[in-house]
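One structure below.
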Amino acid sequence: MTAGSLGSQNFAYQAIGAATLLALFVASLFVGVGELAIGSLASDPEALRLIMISRLPRTLAALLAGSALAIAGLVMQTLARNRFVEPSTAGTAQSAALGILVVTLVWPDASLGWKAAGAAVTALAGTSVFLMLAHRLPPTQPFLVPLFGLVYGGVIGAVAIFAAWHLDLLQYLEVWMTGEFSGILRGRYELLWVAGALVVLAWWTADRLTMLSLGRDVSIGLGLNYAGMLRLGLVIVSAITALAVVVVGTIPFVGLVAPNIVSRFAGENLRHTLPWVAGGGAALVLACDIIGRLIRFPYEVPVGTILGVVGAVLFLFLLLGRNRNG
Amino acid sequence: MIEIAGVSLALGGSRILDNVSLTVPKGGVTALVGPNGAGKSSLLSLIARLRPLQSGRITVDGLPVDTTPSRQLARIMAILRQDPGVASRLRVAELVGFGRFPHNRGRLTAKDREIVAASLEQFDLSDLALRFIDTLSGGQRQRALVAMTFCQGTDYILLDEPLNSLDMFHARNLMRTLRRIADEHGKTVLIVLHDINHAASYADRIVAMKDGAVIASGETGDIIRPDILESIFGFSMRVENIAGRLTVLHHA
Ligand SMILES: Nc1ncnc2c1ncn2[C@@H]1O[C@H](COP(=O)(O)OP(=O)(O)OP(=O)(O)O)[C@@H](O)[C@H]1O
Ligand SMILES: [Mg+2]
């Protein structure tokens, strides 16, 4: 394969990818309860209001959360040097939920921003402990790390549930534990732009993140500030997860599926693959949210539930086909 | 010049290096030999600041390795570890390109691309340039790592058993390449070798370690002698001059 043909092929893939994302974006604006035809926008001010207040914020939230969570998964996999971990299964999301619980308890009127800040702090602590313990597991057993993550996340989740039950806050916890976009309106999703900014930060540092995956010794040999990069990666993972949990709740599997599919086809040079992972995550979450709106129309199924099913199937498929085009 | 003065290292309660002092002059190939567990890799890790220095002092080109910024050291010294375990799914050309990172911080210039292409060519990797490294054979992957180390273009090159899993052709090619860059570009190569005949034919100097200490060091001709070799490796072997090359017959 010559570099030239690779380039034009890439361009074709990029065009297809962008078109898919755009189609999902438009579909998300026009699907749902509340009659809305594309033609009516110009004539009907009510239709425009619906779009601006509900549908556009919802669509943007899905786009931002999807891409950011995919990147959080990617970065977490780089930090753990294991392809099968992600924030929602390995304790980060559970730690974030625990953090919101604590903030809600000591300061019931805290704004979303403060809740997110509290969640980010506990997510950071929970993820640091996970990574510290994960690095001690033998690298010859790649499935030990995700299994350990499941147990670890399960324990923290159980602590959160126990505390919430004691404090009579179980309904709240339920909201943070299941991702849902139906409550998203203008003024209630804007924090996710911060998550979007973190995606840009990850892209900015893509080369250095890639080097982390080459291991500590190679990184240091090449003059990388290895410890500093680890810390930055931790902050990216924790902050994105905390923001997503506070605004839309936990959305599982995006961080696992999007990076794994992209890695299969395009490898792990993040400078090139990071836009694909972000776009893939956005498309996956948008598509699942649209499905959730249609499947029991006029009722809605939360995106977290849809992704639990779709993501699990996709992921099993990836696991089983792992060695085929290796 | 690499200067090592009074370096000791203890890990998990046992003494790994015991008051090692050594000078590796600038320019030329120095082979580091010795039995398994002698401390060769540990010493290399300390020189390459991959491990914190516990006692003593190490300078490379006059720069103390424990206080000089890592970025600055990466421009004068490259290290290839014995078992770097690179598991990332990168293409060969991308991996080799990361060798330029200390110079370009990630933005490949036209000159960088030239260096990468030359490195790939040098180690017979051009046809594999677009392959993912996790699909390569062990020796091919080792060559890719060697190419990345070369790409760093540093004056000092530390290689820990780089001949691991290389076939005879590529092992010879690597040793000849090292010889050439030392002769033509004045590079300083410190290389851990187990095949004593590679050391005998290509190295200017040999440093022998055993039980965490340097037990012999000098010009190749002064080390490749039956009595010294026996004191290092613990069995007797013949040394012959075959077609003008010192050859150790250690199979008998
Ligand atoms: N982290 C560690 N904890 C305890 N002992 C260690 C550690 N790392 C290395 N050692 C010990 O230090 C000694 C020197 O190890 P080193 O890897 O430097 O040997 P080497 O000369 O490179 O051997 P080889 O030829 O097998 O590569 C060995 O006895 C080894 O068991
Ligand atoms: Mg060794």
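The values are calculated or read from the model by the stated rules, or taken from the named source; none is laboratory data. All figures in this text were calculated on a predicted structure; none of them were measured in a lab. Every residue, glycine among them, receives a Cβ derived from its backbone with ideal geometry; neighbour counts consider all protein chains shown. Heavy atoms of the whole protein, side chains included, go into the accessibility calculation; ligands, DNA and RNA do not. Shrake-Rupley method; radii C 1.70, N 1.55, O 1.52, S 1.80 Å.
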Tell me the residue from B:Pro69, B:Pro102 that is away from ligand 2 (no atom under 16 Å from the Cβ) and assigned by TED's automatic domain parsing to the domain that holds B:Lys26, please.
B:Pro69
Does B:Leu125 fit the bill of being buried (at least 19 other Cβ atoms within 10 Å of the Cβ) and away from ligand 2 (no atom under 16 Å from the Cβ)?
yes
Could we say that B:Gly106 is within 16 Å of ligand 1 (Cβ to nearest atom) and either part of a loop (DSSP other than H, G, I, E, B) or open to solvent by 20 Å² or more (accessible area, probe 1.4 Å) (or both) here?
no
Looking at this structure, is B:Leu158 part of a helix (DSSP H, G or I) and within 16 Å of ligand 2 (Cβ to nearest atom)?
no
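Here is a check on your reading of the model: is B:Arg180 out of contact with any Ser or Thr (no Cβ under 8 Å at 6 or more places or on another chain), open to solvent by 10 Å² or more (accessible area, probe 1.4 Å), free of Cβ contacts under 8 Å to residues at least 60 places away in the same chain and assigned by TED's automatic domain parsing to the domain that holds B:Leu50? If you could, list the steps in order and put the result at the bottom.
Working: out of contact with any Ser or Thr (no Cβ under 8 Å at 6 or more places or on another chain): yes; open to solvent by 10 Å² or more (accessible area, probe 1.4 Å): yes; free of Cβ contacts under 8 Å to residues at least 60 places away in the same chain: yes; assigned by TED's automatic domain parsing to the domain that holds B:Leu50: yes.
Criteria met by B:Arg180.
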Hey, does the range B:41-56 have a residue that's more than 27 Å from B:Ile224 (Cα to Cα), more than 11 Å from every other protein chain (Cβ to nearest Cβ), surrounded by 15 or more Cβ atoms within 10 Å (Cβ to Cβ) and away from ligand 2 (no atom under 16 Å from the Cβ)?
yes
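Can you pull out every residue in the range B:161-181 that is over 14 Å from B:Phe123 (Cβ atoms), within 16 Å of ligand 2 (Cβ to nearest atom) and over 10 Å from the mean Cα position of the chain (by Cα)? Break it down stepwise before answering.
Step one: filter the range B:161-181 for residues over 14 Å from B:Phe123 (Cβ atoms), giving B:161, B:164, B:168, B:179.
Adding the requirement that they be within 16 Å of ligand 2 (Cβ to nearest atom) leaves B:161, B:164.
If the condition is that a residue be over 14 Å from B:Phe123 (Cβ atoms), within 16 Å of ligand 2 (Cβ to nearest atom) and over 10 Å from the mean Cα position of the chain (by Cα), then B:Asn164 is the only one that fits.
How many residues does the range B:24-40 contain that are surrounded by fewer than 17 Cβ atoms within 10 Å (Cβ to Cβ) and either under 25 Å from B:Gly234 (Cα atoms) or out of contact with any strand residue (DSSP E or B) (no Cβ under 7 Å at 6 or more places or on another chain) (or both)? Before you say what the answer is, go through the steps one by one.
Initial filter on the range B:24-40 (surrounded by fewer than 17 Cβ atoms within 10 Å (Cβ to Cβ)): B:25-27, B:35-37.
With either under 25 Å from B:Gly234 (Cα atoms) or out of contact with any strand residue (DSSP E or B) (no Cβ under 7 Å at 6 or more places or on another chain) (or both) added as a condition, the list becomes B:25, B:35-37.
The qualifying residues number 4.
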I'd like to know if the range A:287-299 contains one or more residues that are out of contact with any strand residue (DSSP E or B) (no Cβ under 7 Å at 6 or more places or on another chain) and within 16 Å of A:Gly17 (Cβ to Cβ).
yes
Residues that are exposed (fewer than 14 other Cβ atoms within 10 Å of the Cβ) and in contact (Cβ under 8 Å) with a residue 40 or more places away in the chain, drawn from the range A:111-134:
A:Gly113
Return the residues of the range A:188-209 that are touching a residue at least 40 places away in the same chain (Cβ under 8 Å) and open to solvent by 10 Å² or more (accessible area, probe 1.4 Å); say none if nothing qualifies.
A:Arg188, A:Tyr189, A:Leu191, A:Trp193, A:Val194, A:Gly196, A:Leu198, A:Val199, A:Trp203, A:Asp207
Pull out all pairs, ordered by first then second residue, where Cβ-Cβ is under 9 Å, the residues are six or more apart or on different chains, the first lies in the range B:224-241 and is closer than 18 Å to B:Asn36 by Cα, and the second is among the aromatic types (Phe, Trp, Tyr) and assigned to a loop (DSSP other than H, G, I, E, B).
B:Leu229/B:Phe235
Restricting the range B:61-108 to residues that are more than 7 Å from every other protein chain (Cβ to nearest Cβ) and of a type in the set (Asp, Glu), the one farthest from A:Gly223 (Cα to Cα) turns out to be B:Asp83
